[in-house]
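Have a look at the structure below, then the notes.
Coordinate-derived values only; no laboratory data. Treat the numbers as computed from the prediction; the structure is a model and nothing was measured. Glycine gets a Cβ as well: all are built from the backbone with ideal geometry, and neighbour counts include every protein chain shown.
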Amino acid sequence: MNKLTETQHYIIYKEYESVILEIKKNHRMVQIGDFYGDARMAAISEDESFCAMCGCGVIIYYLQEPFKEYEYHTQTEQWKEWGRNKEGAEIWVDSIRCISHNTIEIITEDGGINKIDVFH
């Protein structure tokens, strides 16, 4: 597994197309994403309330119980997706970063910049 990012309480890894969260206090491992063509990167918010991963689109995963395993085509309060073929075209994302406690910045492969409020 390759480490993508780490904070005080969490580590995010990628292995093949899967993204895995390690909860440090109990060493629990949870698959929190799956990306066609592998994840490019991940970021964890400063307050550790969510993380975001990118590649073919973006998955925003909320760091709270029950830490549900990611599933394609599933609506849940544990995560939400952006640019992952729900409305047609997939969006390839080069990078993401947390720019506030509730906002991420997404830079797409074509140079587009998008800001998303992760809680709305």
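If you take all other residues with their beta carbon under 13 Å from the beta carbon of E109, and give Lys and Arg +1 and Asp and Glu -1, the sum is -2.
Over all other residues within a Cβ to Cβ distance under 15 Å of I11, the charged ones net out to +1, with Lys and Arg as +1 and Asp and Glu as -1.
Packing-based ranking of 10-23, 62-75, 44-57, 95-108 yields 44-57, 10-23, 95-108, 62-75, ordered from highest to lowest mean Cβ neighbour count within 10 Å. Summing Cβ point charges (Lys, Arg +1; Asp, Glu -1) relative to the Cα centre of segment 2-117 gives a dipole of roughly 240 debye.
What nm value, rounded to one decimal, do you get for the distance between H101 and T76 when each label is placed 7 Å out toward the C-beta? Inter-label distance under the simple model: 2.6 nm. Each Lys or Arg adds one and each Asp or Glu takes one away; over the other residues whose Cβ falls under 14 Å from the Cβ of R97, this sums to -1. Bridges between two residues of segment 1-117, per DSSP, are antiparallel at a rate of about 100%.
Restricting the calculation to Cα atoms, the chain shows an Rg/Rh of 0.93 when the hydrodynamic-style radius is the Kirkwood one.
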